[in-house]
Amino acid sequence: MNKEMIISTSGHETMAAILEDDQVVEIFVERDQSLGAAGNIYKGRVSKVLPGMQAAFVNLGLERDGFLYVADVIDPLASMDGIDADDDGDGDAEPDTKNGGGAPSAGSGGGRGRGRGRGRDRNQSDLPIDKLLTAGQEIVVQVVKEPLGTKGARITSHVSIPGRFLVFMPTVDHIGVSRKIASRDQRGRLRRIVRDFRTEHGMPGGVIIRTAAADRPEEDIISDLTYFHELWTETVKKGENRRAPVCIHREESSGREAPA
């Protein structure tokens with residue numbers, strides 16, 4: 001008996017057919033909705049701004065619009081202000097795995113973080129949602145909580161991507177180190193590796209150095225940085241070349257992060 005498998009994939013679904021002697025015996029279909037959205041990054045379009053709730057709905061191309069609170073919106077003019085690249089005051093950089101995909105949990109501070117610097121909180125605290133977003137505006141967001149029942153996904157513009165030893169935050173300019181790395185020499189060494197890589201490659205964004213990075217050789221840290229740089233470059237390119245709403249980065253189910 002001659003067996004074959006034919007696979008067809010598109011931006012929205014993957015289909016596989018099993019053939020026996022040129023006859024189709026099984027078909028498998030996996031659509032975007034069944035893959036889970038947490039951790040995914042979308043180029044969305046604001047569908048509605050709700051000043052009374054200080055929130056907005058964003059069309060992601062999913063069954064229901066995502067829900068975005070004002071605290072999770074980046075002010076493009078203020079997002080980089082007042083962020084201290086030498087601050088030791090970051091919490092532990094371990095990812096929040098409860099929400100899937102390593103995406104930050106809603107309402108979390110410090111720790112894994114959503115890339116919020118002190119400057120960002122200060123500049124955004126007094127800005128109403130309708131000063132930051134308008135209906136029809138395109139915006140890059142990340143899903144932090146899966147859609148549930150009649151509720152759409154909870155989303156944030158503070159994108160963060162976990163690696164094995166680092167967490168990449170493309171919307172800030174901050175290098176933080178887990179408090180669990182107590183050695184001053186180790187903290188300095190790890191910061192230097194990150195700074196040198198960012199300077200050499202013109203890499204934007206911030207990095208949180210996780211506890212797992214302690215005592216790791218430089219090549220392991222460089223591996224994560226290279227992964228982030230290539231991934232974000234490709235993600236930005238997709239965002240520039242595709243019309244909203246569209247998923248521009250899909251969180252891999254296998255992930256790259258080490259156990260906490």
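The values are calculated or read from the model by the stated rules, or taken from the named source; none is laboratory data. Here the structure is a predicted model, which means the values were calculated and not measured. FYI the Cβ positions are ideal-geometry reconstructions off the backbone, even for glycines, and counts take in every protein chain you see.
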Candidate set: segment 135-188, residues that are over 15 Å from the mean Cα position of the chain (by Cα) and among the basic types (K, R); chosen: the one farthest from D220 (Cα to Cα): K151
Considering residues of segment 49-76 that are surrounded by fewer than 18 Cβ atoms within 10 Å (Cβ to Cβ), under 16 Å from R154 (Cβ atoms) and among the charged types (D, E, K, R) only, the residue modelled with the highest pLDDT: R64
Test result for I181, more than 30 Å from P245 (Cβ to Cβ), part of a helix (DSSP H, G or I) and among the aliphatic types (A, V, I, L, M): no
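Listed here are the residues, each with its yes/no results for (1) at pLDDT 95 or above; (2) closer than 29 Å to N59 by Cβ; (3) surrounded by 22 or more Cβ atoms within 10 Å (Cβ to Cβ).
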position: R189; (1), (2), (3): yes, no, no
position: D196; (1), (2), (3): yes, no, no
position: I221; (1), (2), (3): yes, no, yes
position: G239; (1), (2), (3): no, yes, no
position: S253; (1), (2), (3): no, yes, no
Subset tally (residues that are more than 24 Å from R250 (Cα to Cα) and surrounded by 19 or more Cβ atoms within 10 Å (Cβ to Cβ)) for segment 125-164: 3
Pick from segment 165-193, criterion in contact with a helix residue (DSSP H, G or I) (Cβ under 7 Å, 6 or more places away or on another chain) and aliphatic (A, V, I, L, M), ranking: nearest to E251 (Cα to Cα): L166
